[in-house]
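Okay, structure first, notes after.
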Amino acid sequence: MKAIIVRYSEIFLKGNNKSFFESALAENIRMQLSNFSYSLKKMSSRFVVRDFAETDSRAIMDALKNTFGVYSVSIADEVNSTFEEIEHKCLEVSPRAGTFKVTANRADKTFPMNSMELAGELGHSLLNAYPDLSVDLRNPENVVYVDVRENGKCFVYSHVEKAVNGMPVGTAGRGLALLSGGIDSPVAIYMMAKRGMRIRALHFESFPFTSLQAKEKVLSLAGILKKYTMKMSVDIVNFAEIQTQIHEKCDENYMIAIMRRFMMRIAVILAKKNSCGAVITGESLGQVASQTLESITCSSAVCPLPVFRPLIGFDKDEIVILSKQIGSYETSILPYEDCCTIFLPKSPVIHPRLSDIEKMEQALDVDTLVQNAISKLETVEI
Amino acid sequence: MIYYFDNCATTKTDDDVLQILNRYQSEDYFNPSSLNKYSLAVNKKLSAARDRIKKALSFSGDVYFTSGGTESDNLAVLGAKTVKGGNVVCNAVEHSAVYNAVCNLKNKGFEVRFAKVTSSGHCDFDSFLSLCDTNTFLAICMHVNNETGAVNDIKTLFEGVKAQNRGILCFSDGVQAAGKIPVNLDFLGADLYSLSSHKLHCTKGMGALLVKKGVSLNPQTFGGGQENGVRNGTEYVAGAIAMSYALEKAVSLIARNDEVFAQYKQCLVDKLKQIPNCEILCEKACSPAIFTIVCADIKGEVLLHMLEQEDIIVGHGSSCSSKSKTPRIINELKLDKRYHEGLIRISFSKYNTYKEVDFLADRLCHNILRLRNIMGAK
């Protein structure tokens, strides 16, 4: 019978609250596999997925590999723990030529051979059966894994596929992430979800200054991210009136700096409303004018919540690589303007002073603008 | 209520055309190539549709049905017999279905020469003819420009081309011309002429390539030998028959529309006079159905969305996104940089009314000023 072995890493190190993380991971796995028929069982330090249609095995493996908290997965054959059955299966899954080794693990200490003996005997059988094979214990081209479990069953498999690792989503609180439609913010969301955070997204649209396609693009990105975040809600706030007012009443070069503060103010209100304990942004230090130390200081000044900026020390090309791995890159680069680019001043201030900005904002009815924007909030469940 | 002024993009299907489509999908749905009597009857209807199209455009050649304007354009460009070491002369502001097909020829090793255009989007004939020579095998010039409405005098152009080299195949994209302006194809002298049905209050997914007698094309699809083996695949019978009726009707309305659309244009011109730095792209030899303006210091895409908020739908040549290249036509028209992003295309249909146009003109002026106020440099 085919089975999928799901291994986890960091949870393994947890102490008394290990079961909390394991249950969260099990729940996430169930959510990821909700479209499939299968059974899930916890074994010591791993989960095993059984009773699935073989035609679904690839899709199930891929879904598991995208589940935070999963370290690696293997599709295995499950046989009775007798040497004959194990040997028969090893002969079936073994390569026919090249270098190999057998790695055996014996959780069932009543099994008559120890791990070394079992690996040696199986290696011998394979060498006898396939003359073009040779043993290489240090750097083999192929590995045949044999895992004798306590329940009288044994897993035999030949591949271990790395998964996304991290911590199960839902074990590290909730965060509200600013999702712009560019390359960085989806990566920032991925990074925080990877550490177990449940994510809610906030997008600032700017119709009619931007198109409805720009909004659809953000919803597509949210759909891509949902593969990892399990659940995804996107709050959409129209920012056009705020932008118009800033443009009209404030120094053009401070446009973006003041806009960022409005975004933060709105984010804080929506975060609190949705029990999110942090705001997440895709800022990378110095990438653009609004991401300098001084600009970040100015935007953070209106945010009493912790702001997580998982990309702060990343170069753009590093972010692009991650974006491609996540699968969001191709959508991120679709050429629709987001709300930040449309009002881009010619020479945005790079080192804004908080006191200057606060003075400029006196020309604006900040509270009313924020409340008006929030009153027209649209929430999309992905 | 939607105020729809983007009829160059597509048009609403007429009710009687819908009935024809419905009939040939649900009642007379037979494959025209099959051998039963019902199929034979459908085949005769299909032949009648070809004749109807030929009559509507005064054409004595062959009509090959395709899946639309893009396929017709591709078939014309890529299906034309090539000459080793030969070249193609092409108007610089062709629709992307032609432009990208021509670029494909270039990738195959043929030389492609692009002729200049005037500031109104008309093909510059001197430039075009100076590029033709004894090695030219294909000359391409659209009949009506889809972005400015410029009507090219393809009769004069193609006569000039043939005078230089009789062997040159002359192709014109007629998608924005047929049913909008009078077309006498035998008189115009094009060897190949493309049509699209959904610009004529008919279905999407239907078009035709009109091929002069004696011109042979290399097929781009292979199959059962339909359309003289040039465009293989079972015909979209309902679409073809519906298109023939839609074209016939559109042609019968040209004179009426000419008169009415002229009033629409005058209404827009009168009201736009109050807006500084707002230019009409093509005033002479322009399609009556197309009215394109460029406004300084605005983003046409934003203006489009502002009008969209009031349920007024207009067109904007190409994406004005700062992340994409400047639209090809804008570069070719050699406009002042201040006008580069401010293109708005208004295209009429028989369903528009003067009242609607008057409303459009008011809202257009209002929103141009508003947008300049919002986004203009301080």
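Observations on the model:
- Ranking A:PHE36, A:VAL102, A:PHE20 by Cα position along the charge dipole of chain A, where only Lys, Arg, Asp and Glu carry charges on their C-beta atoms, puts A:PHE20 farthest toward the positive end.
- Two-decimal log10 I(q)/I(0) for segment A:1-94, as the Debye equation yields it once each C-alpha is a single scatterer, q = 0.10, 0.12, 0.15, 0.19 Å⁻¹: -0.29, -0.41, -0.62, -0.90
- For the listed residue pairs A:LYS18/A:LYS41; A:LYS41/A:LYS89; A:LYS65/A:LYS162; B:LYS84/B:LYS116; B:LYS12/B:LYS180, the alpha carbons are over 19 angstrom apart in A:LYS41/A:LYS89; B:LYS84/B:LYS116.
- Residue among B:THR148, B:THR156, B:THR70 with the largest mean-square fluctuation in a Gaussian network model of chain B, springs linking Cα atoms under 10 Å: B:THR156
- Three principal axis extents describe the C-alpha atoms of segment B:205-248; from largest down they are 29, 22, 13 Å.
- With Cα atoms, 0 to 90° folded angle of helix A:316-326 axis to chain A main axis: 50 degrees
- The fraction of accessible area contributed by carbon and sulfur in chain B is 50 percent, rounded to a whole number (1.4 Å probe; ligands and nucleic acids excluded).
- Taken per residue, the accessible surface of segment A:1-69 reaches 48 Å², heavy atoms only and a 1.4 Å probe.
- Share of pairwise Cα separations in chain B, more than 25 Å, in percent: 56 percent
- Accessible surface of chain A [probe 1.4 Å, protein heavy atoms]: carbon and sulfur percent: 52 percent
- Averaged over A:208-216, number of beta-carbon atoms from partner chains that fall within 10 Å: 4
- One Cα centroid belongs to segment A:260-316, the other to segment B:1-55; the line between them spans 58 Å.
- With 20 Å² as the minimum drop in accessible area between chain alone and full protein complex (1.4 Å probe), the qualifying residues in segment B:295-311 are B:LYS299, B:GLU301, B:VAL302, B:HIS305, B:GLU308, B:GLN309.
- When peptides A:232-239, A:124-131, A:211-218 are sorted by average Cβ neighbour count within 10 Å, with the highest value leading, the order is A:232-239, A:211-218, A:124-131.
- Highest mean first, the peptides A:54-62, B:292-300 sorted by other C-beta atoms within 10 Å per residue fall in the order B:292-300, A:54-62.
- Helix B:96-107 vs. chain B, principal-axis angle (Cα, 0 to 90°, nearest 10): 70 degrees
- A simple packing score, the average count of other Cβ atoms within 10 Å per residue, orders the peptides A:6-14, B:242-250, A:185-193 as A:185-193, B:242-250, A:6-14, with the highest score first.
- Semi-axes of the equivalent ellipsoid of segment B:106-255 are 27, 21, 13 Å, computed as sqrt(5λ) over the eigenvalues of the C-alpha gyration tensor in descending order.
- If you wrap the Cα atoms of segment B:1-141 in a convex hull and average its projected area over all directions, you get 13.0 nm².
- Orientation-averaged projection of the protein assembly as shown equals 42.9 nm² [convex hull of Cα atoms, one quarter of hull surface area].
- Taken across both chains, chains B and A shield about 1500 Å² of accessible surface from a 1.4 Å probe.
- Where labels lie 7 Å past Cα in the beta-carbon direction, separation of A:LEU344 and B:ASP336 in nm: 2.4 nm
The values are calculated or read from the model by the stated rules, or taken from the named source; none is laboratory data. If you're wondering where the values come from, they're calculated on a predicted model, not measured in any experiment. Reconstructed Cβ throughout: ideal geometry from the backbone, glycine too, with neighbour counts over all protein chains shown. When the accessible area is computed, the model is the full protein with side chains, heavy atoms only, and any ligands, DNA or RNA have been set aside. Shrake-Rupley method; radii C 1.70, N 1.55, O 1.52, S 1.80 Å.
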